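Below you'll find the structure, written out as structure tokens, and then a few comments.
The values are calculated or read from the model by the stated rules, or taken from the named source; none is laboratory data. Just so it is clear, the structure is predicted and the values come from calculations on it, not from any experiment. Quick reminder, even Gly has a Cβ in these numbers, built from the backbone with ideal geometry, and neighbours come from all protein chains shown. These area figures cover heavy atoms from the full protein model, side chains too; ligands, DNA and RNA do not enter into them. Shrake-Rupley method; radii C 1.70, N 1.55, O 1.52, S 1.80 Å.
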Amino acid sequence: MPLWLREHSWRQSGSAVFLSLPVRGVRVTAANIFCTERYLKVSVPPFLFEAVLYAPIDETNSTAKIGNGIVFFTLYKKEVAMWESLTVANVNKEELQHLRENAVLRAHEKAKEETEAKKVTKQEHKKYALEATMKLEEAERKRIEGLKEQERQKVTKELELWRSQQNDVEKQKRVQSEGELHEEGEQLKEKKREKINKTRISNEEISKTKLTKGRGSYSIFSEDLKEEQLPAPRSAGTIKINFTSRVFPTALRESRVAEEEEWLQKQAEARRIISANLSELEDLKEEEKNPDWLKDKGNKMFATGNYLAAVNAYNLAVRLNNKLPLLYLNRAACHLKLRNLHKAIEDSSKALELLTPPVPDNENARVKAYVRRGTAFCQLELYAEGLQDYEAALKIDPKNKTIEKDAEKIRHTIQGTVQSS
């Protein structure tokens, strides 16, 4: 049976009621107080205080202060008036039960309304956050496009300047060559003129000899008197040449026919795959159809810790171009973070297949592929396979101390497993 708290004091003004309720020896919290516009209850086991108020109050703005064994209520009246008493007199059990039920029902409705209001507010906040994120991404995209446009204009100006410089150089060379040709032509004319003069002088001397020696002497010098004739210039002509149409810009070589046919088949297969996926890619923007743009998007998602979104970006990029090893390599890193260890092994292996032949330019990528696959093997407790991949990475980059330490830890783990077995 609860102990009813009969000791309390109250006073009022035209707009508020001040109630002081002593609860010494017990600890009171806000959960022990229940208040509606006509009903007030304080339940602190073993004590209980219950009051049906004289007139309605504003339960939203009313307050309760707890301290020093006293609960002090400030109850604001809905209508400015003086109460005759704190509670309603002569309330029977049925009316009291009815008031209790109405108070509880009203409290439940109010809690439900507050929950709905919080839910709506939360949805609005999420919507606002989403819109803000989209605006930031749009601003970032516009900034990147602006930088690209500035870079394009800069390169265009540099190209135009280079072309003008080349035109000036070509013009100077043309003028210089024309001057040299003019000088050579003048020299040739001068030589021809000298030759003609020499021939004329020789003819005059021969004519004088003929006059002195008579007509019979002409046949002796007839061959020497023939004027040296220059050959006639060659006649101009046009030779038509027809080449077999080819996809490649180089000439056809029998040794490269098989390689060229294989390349053409791969291109046709890639175009067929892209054409088959066109219906699914119609809703994408132009930049979203670019594997490099999708790779950069996935890298940003990975940096922010959104690994699932990064995997989706890499998946779409792989569908557009399945020959880029970095797509598989980055997706393997995401799978490691998501504990999709078998998928991480598959993507690392695919990246190693595409990173052939091994050259200095792809050393860093091959090291990452071996390390990520080795990490996945070790997390699956396949330490022997993981150690093989770490050793392969050390062969490529023997100065990497981090990989060397990890490989040593795996060796110790394998030795401990063998000893325990």
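Using R0 = 30 Å, the C-beta based FRET efficiency linking Thr63 and Glu84 works out to 0.80. With all pairs of separate Cα atoms included, the range 288-415 yields a Kirkwood hydrodynamic radius of 14.9 Å. For the chain, a simple Cβ point-charge model (Lys and Arg +1, Asp and Glu -1, everything else neutral) yields a dipole of about 480 debye relative to the Cα centre. Per the Debye calculation on the chain with a single equal scatterer at every Cα and no solvent contribution, log₁₀ I(q)/I(0) for q = 0.06, 0.08, 0.14 Å⁻¹ amounts to -0.72, -0.87, -1.32. With all pairs of different C-alpha atoms in the average, the Kirkwood value for the hydrodynamic radius of the range 1-150 is 18.9 Å.
Largest first, how would Asp58, Asp361, Asp347, Asp168 line up by accessible area (1.4 Å probe)?
Working: Asp58 40, Asp361 150, Asp347 10, Asp168 85 Å².
Descending order: Asp361, Asp168, Asp58, Asp347.
Tell me, what % of the accessible area of the chain is carbon and sulfur with a 1.4 angstrom probe? It is 53 percent, rounded to a whole number. For the chain, the mean residue ellipticity at 222 nm estimated from helices alone is -21000 deg cm²/dmol, where every DSSP H run of n ≥ 4 contributes -39500 (n - 2.57) and the total is divided by all residues, rounded to the nearest 500. The slack in the chain from Gln166 to Lys323, taken as 0.36 nm per residue of separation less the alpha-carbon distance, amounts to 52.6 nm.
Radius of gyration over Kirkwood radius for the range 3-90, both on Cα atoms: the Rg/Rh ratio is 0.94. Accessible area per residue for the chain, computed on protein heavy atoms with a 1.4 Å probe, is 76 Å². Here's the picture: charge each Lys and Arg Cβ at +1 and each Asp and Glu Cβ at -1 in the chain, and of Gln166, Ala313, Ile57 the one pushed furthest to the positive end of that dipole is Gln166.
Residue ranges 59-71, 383-395, 245-257 sort as 383-395, 59-71, 245-257 when ordered by packing (mean number of other C-beta atoms within 10 Å per residue, highest first).
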